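Student: First the structure, then my questions, so here it is.
The values are calculated or read from the model by the stated rules, or taken from the named source; none is laboratory data. Quick caveat: nothing in here was measured; it's all calculated off a predicted structure. Cβ placement follows ideal geometry from the backbone for every residue including glycine, while neighbour counts extend to all protein chains displayed. Ligands, DNA and RNA are excluded from the accessible area calculation, which covers all protein heavy atoms including side chains. Shrake-Rupley method; radii C 1.70, N 1.55, O 1.52, S 1.80 Å.
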Amino acid sequence: MARESRRVKIALAGIPNVGKSLIFNRLTGGRAWVGNWPGVTVEKKVGTLRVNGAEIEVVDLPGIYSLTAYSVDELIARNFIVEEKPDVVVCIVSAINLERSLYLALSLLELGANVVIDLNMVDLAEKEGYKIDYKKLEFLIGVPVVPTVATTGRGIGKLKETIVKAIHEKKVQARIVDYGRIVEEAISKIEEVIKDLAPELAEKYPARWIALKLLEGDSDIVGKVSKLPAGKEIIDKANQLREILGKKIGDPESYIVKQKYERVLEIVKAVVERVAVPRVSMTDLLDSVLTHKIVGIPLALSAIYLLFRFAFEVSVPLADLVDVAINSYLHDIVLGIHGLPDWLTSFLADGVIAGVGAVLIFLPIIAFFFLGFAILEDVGYMARVAFLVDKVFHKFNLPGKAVIPLIIGFGCNVPGVMAARAIEDENERKTTALIAPLASCNARLPVYLVIGGAVLGASAGFAVLSLYVLGIILALIVGLLLRKTLFKGASSGFIMELPPYMMPRFDNVAIKTWERTKRFLFKAGTVIFLGTVIVWLLSVTGPEGYLGPEALEDPQLLRESWAGILGQLLASTVFSLMGWDWRAAVALFFGFVAKEIVVSSMAILYGVGEEKIVDVIAERHVFTPLTAYAYMAFVLIYVPCIATLAMVRNELGLKYAILALIYEVLLAYIVSLSIISIGSVLGFR
Amino acid sequence: MAKVGRIYRVVRVEGAGLVKRRILDLGLLPGLEIKVVRKAPLGDPIEIVAKGNPISIRKAEAEKIILEEVKG
Amino acid sequence: MENSKGIFKRYIYVIIPIEVVLGLVYSVAGFIAIINWYLGTTGAGEFLYSDYIPGDLGISLVMLSIGFLMILSAYYWFKRKPVKSLAATTLGLGLAVAAMVMQVLVIIASWLDGIIVGEPIAYEELVMGFLRAEALLGYIALPLFYISLRILSKITT
Ligand SMILES: Nc1nc2c(ncn2[C@@H]2O[C@H](COP(=O)(O)OP(=O)(O)O)[C@@H](O)[C@H]2O)c(=O)[nH]1
């Protein structure tokens, strides 16, 4: 027990769609700490596995195909294995995608990891008509293999046992692949040089692995080696050998991959037995319709429409329940407490409780949305949606997967920004996170409906529709601009496996929904809450000092508050060209907290109840149709809410949150102004 | 350019960096037979099936895979 | 594949004919929903069949997609691609069922909401909700969906 202070740590690795998240949940009981890997926006999940009273830390590595330096995810995985030295790396291998997943397993073995293989989805392999001799597999690669079915839990007990055993019996199989005489000779030569000149390196990494990577020309390893005192000598030697190899076998990198795959195929051939003729594949069949050239895209839109219906309409009773409980019940309780100073009552009732309410009322919609989305995702459909629209996004230097944050963004921008992390390339991921807020979220709709309904009359429907389209177009254009300036770099392309369709799993869906909802609550909740309190503060105080809670109901008083003064300042300066009323400008300011506040604060500012606001706007001619449309566009584009900005900060850092704030406000200003000027030239008013 | 429904053999993989390596890591290696299954409704990307599961790939990247048609 | 032939018989004689009719009805309903949407946003006139068909672009898209899939499946059938035909059928019926379930959920939700908010519940309106086109047609689609899914899972992995 020399290392008592150090917790036993294991890592989970696997190619995408092998069932890794399900295995993670099975091992840890579903409870996880979710955050980012340092310095990047790649999700890191850590949980605890409890067996026989021992506590083992389980780290979920990103889903990867290989361990190269080309992709951030792969670098993260290999650096973790080398630097943190997990006691065991559980490599999850899919029985229905054996070649590709074994290829990764061999790569992990070469890195010197203490591997346990989890042969998952054996039920599906049986259904497809083949059997895998896992004992033989174990024999051939020299590390334990445990067959499992993650969905039912079959084999999980055995997996835990095997992990515990493997912690104490390290098995290293770094020589699992024989690259043939020519390459092996080169490898040994480099290995010798490394052991002689850089023993410290050979302690951290297996020397054979370094040698291989130098032959492949791996940029990360070449960089690390060059920094060593003896670096130049090693690199020179490697380059010399690379050149000699190149003449004999062509590009060393391709050759090495090919040799490794040949080893994989050898193993697969030895362990897989076909026991039944293959039948028509359900996945291929469904794809022939779901990605059909005419109906494919309408089907995707239909699915998304039903998802929104589920999120927005079916969640209504829950949202109202929260509303009633907080804004009436709790609110009244606080008002009923006697003996509190006036300002405190108002602070609690109009600040704190309104703030809590603003967060919680949103929660049912978000949760329902995540639920519906998780089902579509678990079935495997979201990958097809990305496939369908990829071409459009490609034109704007974005991957098809960028459509998913935008779709989610139509519900709420906060999880939209969050969803960008599913994109592999760092540049594309950052760009997508920055443009996701341009999707017109659910909270903006009431603003459009109120103003459009009051001013635009018959064309309100088209106007609202056009704003949704405008949001998407702007997102794509801004995306292209960002990709041409800040986030340059070749497109990572769109090479991905299309996962087989599966029946959605209740526990999988439930856990995903819960994790995401929880995250929304903690990350967005605190910010919305604080924002509401600040708005309250700015409304009940002014240059004269404390105005009293009456300011929230009395438009004359509100005019004297900081918020009112700011609005008037805005209306008379930057917004003077737009022709908006100062009250509309103040409402925009309140809208920073959350867009739906725009309507309620307009109601307060015009001194009417929310149900009358449409009439008031119509009767008092607050807007002309043109200024109304410009205002709606402004609401669409300028910062969606501080919670979204907070999420951008969380994902990309403060710098980019500020960038988002600036570009959105500027863009909103430019677009609204263009609408007004072009509109008036065209003769609209 | 490869046609939907036809079977091809990989001759070699060109290009560089992540794209090339990803193609190789997915096992699309010289000598392997692949089938072009379908195109996306807008014409790009395309879906190909080699060993195991289907892969979707943009035409621009698929062009890096040099193919020869397998006479059926 | 012998006994899958037997299974297919039911498919040909029962599902295909009903489906073609259903597909046409869905398509017509989808068109009317677009017209109603247009009438609704421009205020140009009264809704057509307003009790059954809402003026909603989204639902019209869903109904048109369902209709198209059902007709596509008949087309595949005549092109002697029975398996593809079955796939189109199953997905069309599946979407029809999903649209129906969603409508029912929405009705239940508005009923619960009425209770929570404490407003008088317009029962008549709720009941009419069950008769909306996508719900009504969905009830017919449900058993057919079950059958076609069974056949599909028998002949595929
Ligand atoms: N039938 C079956 N399905 C599985 C099994 N393991 C995972 N799945 C399903 O495969 C899909 C992908 O699983 P997930 O855990 O999200 O994969 P990940 O991408 O590796 O994290 C989900 O729909 C799972 O329900 C298994 O052993 N048997």
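Student: Assess whether A:Thr162 counts as being in a loop (DSSP other than H, G, I, E, B) and outside the structural domain of A:Ala202 (by TED's automatic domain parsing).
Tutor: No; evaluated as a whole, the condition is false for this residue.
Student: Pairs, please: C-beta under 7 Å, at least 6 apart or cross-chain, first residue without any contact (Cβ under 8 Å) to a residue 60 or more places away in the chain and in region A:9-26, second more than 8 Å from the ligand (Cβ to nearest atom)?
Tutor: Within 7 Å, the pairs are A:Phe24/A:Leu12; A:Phe24/A:Lys45; A:Phe24/A:Gly47; A:Phe24/A:Val58; A:Phe24/A:Asp60.
Student: Sticking with this structure for a sec: If a residue must be within 17 Å of A:Glu651 (Cα to Cα), in contact (Cβ under 8 Å) with a residue 24 or more places away in the chain and not charged (D, E, K, R), how many such residues does region A:389-436 contain?
Tutor: 21
Student: Condition (residue is open to solvent by 50 Å² or more (accessible area, probe 1.4 Å) and either more than 14 Å from every other protein chain (Cβ to nearest Cβ) or away from the ligand (no atom under 16 Å from the Cβ) (or both)) applied to region A:506-514: is it met by at least one residue?
Tutor: Looking only at region A:506-514, we keep the residues that are open to solvent by 50 Å² or more (accessible area, probe 1.4 Å), and these are A:506, A:514.
Imposing the further condition that a residue be either more than 14 Å from every other protein chain (Cβ to nearest Cβ) or away from the ligand (no atom under 16 Å from the Cβ) (or both) reduces the set to A:506, A:514.
Within region A:506-514, one or more residues are open to solvent by 50 Å² or more (accessible area, probe 1.4 Å) and either more than 14 Å from every other protein chain (Cβ to nearest Cβ) or away from the ligand (no atom under 16 Å from the Cβ) (or both).
Student: Counting only residues that are open to solvent by 60 Å² or more (accessible area, probe 1.4 Å) and either away from chain A (no Cβ under 12 Å) or in contact with a strand residue (DSSP E or B) (Cβ under 7 Å, 6 or more places away or on another chain) (or both), how many does region C:40-76 have?
Tutor: 7
Student: Pick out, from region A:1-57, the strands (runs of 3 or more DSSP E) lying fully within it that include 2 or more residues that are at pLDDT below 95 and closer than 20 Å to A:Ala420 by Cα.
Tutor: Numbers: elements: A:9-14, A:32-36, A:43-51.
It comes to A:32-36, A:43-51.
Student: Out of curiosity, is B:Leu18 within 7 Å of chain A (Cβ to nearest Cβ) and open to solvent by 30 Å² or more (accessible area, probe 1.4 Å)?
Tutor: On the way: within 7 Å of chain A (Cβ to nearest Cβ): yes; open to solvent by 30 Å² or more (accessible area, probe 1.4 Å): yes.
Yes.
Student: Oh, and also: Every residue in region A:155-182 that is hydrophobic (A, V, I, L, M, F, W, C), under 41 Å from the mean Cα position of the chain (by Cα), open to solvent by less than 60 Å² (accessible area, probe 1.4 Å) and more than 16 Å from the ligand (Cβ to nearest atom), please.
Tutor: Passing the criteria: A:Ile163, A:Val164, A:Ala166, A:Ile167, A:Ala174, A:Ile176, A:Val177.
Student: Of all residues in region A:487-499, how many are open to solvent by 30 Å² or more (accessible area, probe 1.4 Å) and touching a residue at least 40 places away in the same chain (Cβ under 8 Å)?
Tutor: 3
Student: Using the structure shown, decide if A:Ala150 is open to solvent by less than 10 Å² (accessible area, probe 1.4 Å), modelled with pLDDT under 95 and either more than 32 Å from the chain's Cα centre (by Cα) or over 25 Å from A:Val8 (Cβ atoms) (or both).
Tutor: Working: open to solvent by less than 10 Å² (accessible area, probe 1.4 Å): yes; modelled with pLDDT under 95: yes; either more than 32 Å from the chain's Cα centre (by Cα) or over 25 Å from A:Val8 (Cβ atoms) (or both): no.
So A:Ala150 does not fit the description; no.
Student: Identify the single condition in (1) in a helix (DSSP H, G or I); (2) more than 7 Å from chain A (Cβ to nearest Cβ) that B:Val4 does not satisfy, given that it satisfies every other one.
Tutor: So the condition that B:Val4 fails would be (1).
Student: Could you run through region A:27-60 and say how many residues are in contact (Cβ under 8 Å) with a residue 60 or more places away in the chain, within 16 Å of the ligand (Cβ to nearest atom) and either out of contact with any Gly (no Cβ under 9 Å at 6 or more places or on another chain) or among the acidic types (Asp, Glu) (or both)?
Tutor: Residues in region A:27-60 being in contact (Cβ under 8 Å) with a residue 60 or more places away in the chain, within 16 Å of the ligand (Cβ to nearest atom) and either out of contact with any Gly (no Cβ under 9 Å at 6 or more places or on another chain) or among the acidic types (Asp, Glu) (or both): 3 in total.
For every residue, the table says whether it meets (1) closer than 30 Å to A:Tyr70 by Cα; (2) open to solvent by 50 Å² or more (accessible area, probe 1.4 Å); (3) within 12 Å of another protein chain (Cβ to nearest Cβ).
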residue: A:Ser459; (1), (2), (3): no, yes, yes
residue: A:Ala463; (1), (2), (3): no, no, yes
residue: A:Ser466; (1), (2), (3): no, no, yes
residue: A:Val469; (1), (2), (3): no, yes, no
residue: A:Leu474; (1), (2), (3): no, no, no
residue: A:Gly479; (1), (2), (3): yes, no, no
residue: A:Tyr501; (1), (2), (3): yes, no, yes
residue: A:Arg516; (1), (2), (3): yes, yes, no
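Student: Out of (1) under 21 Å from B:Ile48 (Cα atoms); (2) in contact (Cβ under 8 Å) with a residue 40 or more places away in the chain; (3) away from chain C (no Cβ under 13 Å); (4) open to solvent by 40 Å² or more (accessible area, probe 1.4 Å), what's the single condition that is false for A:Lys248?
Tutor: Tallying (1) under 21 Å from B:Ile48 (Cα atoms); (2) in contact (Cβ under 8 Å) with a residue 40 or more places away in the chain; (3) away from chain C (no Cβ under 13 Å); (4) open to solvent by 40 Å² or more (accessible area, probe 1.4 Å), A:Lys248 fails exactly one: (1).
Student: Output the residue which, of all residues in region A:279-293 that are facing another protein chain (nearest Cβ under 7 Å) and in contact with a Phe, Trp or Tyr (Cβ under 7 Å, 6 or more places away or on another chain), is most open to solvent (accessible area, probe 1.4 Å).
Tutor: Going through the qualifying residues, I end up with A:Met282.
Student: Out of region C:33-80, which residues are among the aromatic types (Phe, Trp, Tyr) and at pLDDT 90 or above?
Tutor: Of everything in region C:33-80, those that are among the aromatic types (Phe, Trp, Tyr) and at pLDDT 90 or above turn out to be C:Phe68, C:Tyr75, C:Tyr76.
Student: Pull up region A:294-303, narrow it to residues that are part of a helix (DSSP H, G or I) and within 9 Å of chain C (Cβ to nearest Cβ), then point me to the one that is most open to solvent (accessible area, probe 1.4 Å). Working first, answer last.
Tutor: Residues of region A:294-303 part of a helix (DSSP H, G or I): A:296-303.
Filter once more, keeping what is within 9 Å of chain C (Cβ to nearest Cβ): A:298-299, A:301-303.
Working: A:Pro298: 36, A:Leu299: 12, A:Leu301: 91, A:Ser302: 0, A:Ala303: 21 Å².
In this case the residue turns out to be A:Leu301.
The rows are residues; the columns are (1) within 14 Å of another protein chain (Cβ to nearest Cβ); (2) within 36 Å of the chain's Cα centre (by Cα).
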| residue | (1), (2) |
| --- | --- |
| A:Ser315 | yes, yes |
| A:Asp323 | yes, yes |
| A:Asn327 | yes, yes |
| A:Asp332 | no, no |
| A:Asp342 | no, no |
| A:Thr345 | no, no |
| A:Leu348 | no, yes |
| A:Ile353 | no, yes |
